[in-house]
2 protein chains.
Amino acid sequence: MLQATLASGHADRPCVFEAFTRRLPEGRRYGVVAGTGRFLEALAEFTFGTEEIDFLRERTIVDEATLDYLASYRFTGDIWGYAEGECYFPGSPLMIVESTFAEGVVLETLALSILNHDSAIAAAASRMTATAGDRPCIEMGSRRTHERSAVAAARAAYIAGFDSTSNLEAGRSFDIPTRGTAAHSFTLLHDSEREAFASQLSSLGLSTTLLVDTYDVTGAVTLAVELAGPELGGVRLDSGDLVSQAHEVREQLDSLGATDTRIVVTSDLDEHAIAALQAAPVDAYGVGTRVVTGSGHPAAGMVYKLVARADADGTMVGVAKASKDKSSMGGRKFALRRRNSTGVAHEELIGIGSAPVDDGDDRPLLVQLVRGGEVIVPTDARSAREHHANSRAELPTKALRLSHGDPALRTVYQDEQSRTEVEED
Amino acid sequence: MLQATLASGHADRPCVFEAFTRRLPEGRRYGVVAGTGRFLEALAEFTFGTEEIDFLRERTIVDEATLDYLASYRFTGDIWGYAEGECYFPGSPLMIVESTFAEGVVLETLALSILNHDSAIAAAASRMTATAGDRPCIEMGSRRTHERSAVAAARAAYIAGFDSTSNLEAGRSFDIPTRGTAAHSFTLLHDSEREAFASQLSSLGLSTTLLVDTYDVTGAVTLAVELAGPELGGVRLDSGDLVSQAHEVREQLDSLGATDTRIVVTSDLDEHAIAALQAAPVDAYGVGTRVVTGSGHPAAGMVYKLVARADADGTMVGVAKASKDKSSMGGRKFALRRRNSTGVAHEELIGIGSAPVDDGDDRPLLVQLVRGGEVIVPTDARSAREHHANSRAELPTKALRLSHGDPALRTVYQDEQSRTEVEED
């Protein structure tokens, strides 16, 4: 595409690209934008080095004019988008790239890879933290996803309200709280469970969490309190029927005087398992596979489409494809979250060509992220986490139901010309 | 774990860790080991740098003795495993790490992240290529997964028989064939479809593939042949009912004399969609989301367990946990693929403590990958691709059915002591 447009002269046409989703994953009631900060940090370093250029030349993938263009590539345009952590709905204009065709088209894979992955994790994680309420969720899924996805997944989960991660590299890269845990191999390495527990308590102190299901849970809990006393920080359950076990272990701990010892549960947890455990005496959830793989929906389904471009005379015109089942809506978008007077959101209003008017209680959703190629917003996970908490809090309560349902807000388009509201099929 | 065992003195105990899966994803008939080459390349560079050590110190995550250990960490043990590309079954000992506890426990996340991700992609990709037969599958899913997973996914898909990838970085990193495609944005950028096609043909030549569903397929196909003549390389369909469209477009192309023009289809393909399209005149499949997300199973479910360790007197003993639903089988494993006299595999025979005896037609499955910390096997994708083709070819035909079913081979354990065959529940 780049080579052909550089040759035809259209590469420099001013364009508007938009990232959006046609629909939420089946039954989900809201999505969560995540990855924006990572994308902006990647954008700042997004160039083509000698090795990449040499490879393209050796394989004769593109011509010399295209190699020259890539060798000096820097994004110099503007980017707008939903703030990281924002909740979104079908059609929400999640990222808007205003640049030449060439500059914008080259960003597609970078933008979509990061947003599709991180938003999928954040959406799943948000359902888990909303269900867990005040009980902390710990991200422990590093071993169930690609080694670099794992680091990004920890960040996305944190944005969506997870308390901490077991991924130390995520702690280092993104300043996220970290929590460790002991595995069964630790117990099995020792000649006895007694020796293993003693070793862990001696090295990590009484506030540590002991894994009690390697052999027999009741025996292990007795042993744990015998060795640590009532100051024992916690015990972890990783198998069996967690609901009934949590009740039994809580009773046992209390009867041994260890009333402040926490119970941490792990073992294929997802939002539904957490919902079932909310009635049990559990203090924290360790979530692995299901959060890092998006709880059944590992990609957010975002696409990146050309929605407007300059005409031969320089006028910007909306463009859209007519492909069956995959039609797009042309034009530069603007977006407003309609809220009622008590601050509860009830509509995603998208203006085509111009911004919809705030009726006083509404909240504009597009933030300028990049101006003339320079990133102009914070990219840290902590700000995004706060933004997500606020955004989720203003959704109607039905948004937090785990049962399959429609998007919590309806998306309404407002056309520039007609000023009438048009609803998509 | 590392800190406590360094303090207790058990960190140096000789150990055997094993990576395996308890079960295949629901209904799947075989798994495919992938990522071994990437793991071995990562292992060669797996050390803890100043930034990592400083982070651990600042956060007081571990003590100084542990930091010292990590700062000089190098894996010096032995690793055995199934060759990359090998088909596997529940309980197959996919990777066996023989080292001190400390050296082996530190590798867990690296090994599992890579193997769980890449094997999930390869297993899904293998079902697709087996179904597609002689028709090439092109990996096009980069935008639907994390930006680095995308590169690894292209490699895993290639190992499982994909023809090529649209991910240029995978082409560069892993020497995989690459194929490009034009998007709707390319057509929409131009003032007309005619201008867009002319631009692409002029720059890329007549052998290029034109995307014909931006506006109207029939009109676009007419235009494509008008501009390119019967030498046109291909057309791509990306929406609508692909089966009926492929028939219509084939007829149209043939009637226009473009009998050699290929039809490439894309649009949420997976192994089932490919199966449905096999009866249609399609020449190549472009597969995106479903291959890079493992077609419903984005993680292979491998775990990494301590299965043997030295006793106080230095004797190696098998160890296993008793956790409900998650019990493990202790002891160092060996593995043989039992084949009948015509070379068809019929059993996965796993020896505990010693190697099962080859009855003449069988194939030993464990290959030494690392000796004394040094990688001693090739790590390239091409060798693994060839190995996979051979391994899959010897499975019974039922292995290639797409319907839900049991693993194609039953797993049988042969105990060292009893020499009797024991079957797991």
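The values are calculated or read from the model by the stated rules, or taken from the named source; none is laboratory data. Owing to the predicted nature of the structure, the values given are computational and were not obtained by experimental measurement. Cβ placement follows ideal geometry from the backbone for every residue including glycine, while neighbour counts extend to all protein chains displayed. Surface areas here come from the heavy atoms of the whole protein model, side chains and all, with no ligands, DNA or RNA. Shrake-Rupley method; radii C 1.70, N 1.55, O 1.52, S 1.80 Å.
Observations on the structure shown:
- Partner shielding of B:112-118 amounts to 6, given as the average count of beta-carbon atoms from other chains within 10 Å of each residue beta-carbon.
- When peptides A:211-219, B:329-337 are sorted by average Cβ neighbour count within 10 Å, with the highest value leading, the order is B:329-337, A:211-219.
- Most positive-pole-ward Cα, A:181, A:164, A:253, against dipole of region A:125-290 from beta carbon charges: A:164
- The angle between the Cα long axis of helix A:108-132 and the longest principal axis of the Cα atoms of chain A comes to about 40 degrees, rounded to the nearest 10.
- Computed magnitude of the charge dipole of region B:182-265 (debye, nearest 20; Cβ of K, R +1, Cβ of D, E -1): 220
- The protein assembly as shown - charge dipole about Cα centre, Lys and Arg +1 at Cβ, Asp and Glu -1, debye rounded to 20: 920
- In this structure region B:182-265 gives 36 Å² per residue of accessible area when probed at 1.4 Å with all protein chains present.
- Selection from B:125, B:15, B:293 lying farthest towards where the dipole of chain B points positive, charges on Cβ: B:15
- Going from the chain on its own to the full set of protein chains, region B:224-239 has these residues losing 30 Å² or more of accessible surface (heavy atoms, 1.4 Å probe, no ligands, DNA or RNA): B:239.
- Members of region B:139-163 that become less accessible by 50 Å² or more once partner protein chains are added (1.4 angstrom probe, chain alone as reference): B:143, B:144, B:146, B:147
- Farthest toward positive dipole pole in the protein assembly as shown [+1 Lys/Arg, -1 Asp/Glu at C-beta], among B:202, A:407, B:113: A:407
- Of all DSSP-defined beta bridges confined to the protein assembly as shown, some 65% are antiparallel rather than parallel.
- Copies compared at residue B:9 - label distances in nm, ascending, label defined 7 Å from Cα in the Cβ direction: 8.4
- Legend: mean number of C-beta atoms from other chains within 10 angstrom of residue C-beta atoms, peptide A:10-17, equals 2.
- Averaged over the residues of peptide B:35-42, the number of Cβ atoms from other protein chains lying within 10 Å of each residue's Cβ is 1.
- Here is how the number arises for chain A: DSSP H runs of 4 or more residues each give -39500 (n - 2.57), the sum is divided by the residue count, and the result at 222 nm is -10500 deg cm²/dmol.
- Inter-copy spacing of residue A:26 label points, which lie 7 Å from Cα along Cα→Cβ, given in nm from shortest upward: 1.2
- The long axis of helix A:193-204 is offset from the longest Cα principal axis of chain A by roughly 60 degrees.
- Occluded residues from region A:326-340, i.e. those whose accessible area drops by 10 Å² or more once the chain is not alone (1.4 Å probe): A:326
- Count of Lys pairs (Cα-Cα under 17 Å; at least 8 positions apart or interchain) in chain B: 5
- Neighbours of residue B:377, meaning other residues whose beta-carbon lies under 11 angstrom from its beta-carbon, give a summed charge of -2 when Lys and Arg score +1 and Asp and Glu score -1.
- Share of carbon and sulfur in the accessible heavy-atom surface of the protein assembly as shown [1.4 Å probe, %]: 48
- Remark: relative contact order (chain A) = 23 percent; criterion is Cα-Cα distance under 8 angstrom and separation of 6 or more residues.
- Chains A and B together, accessible area buried on both sides, 1.4 angstrom probe, square angstrom: 6600
- Ranked from shortest, the separations from the 7 Å Cα-to-Cβ label point of residue A:60 to its equivalents in the other copies are 6.5 nm.
- Order by protection proxy (mean Cβ within 10 Å, highest first), peptides A:62-69, B:40-47: A:62-69, B:40-47
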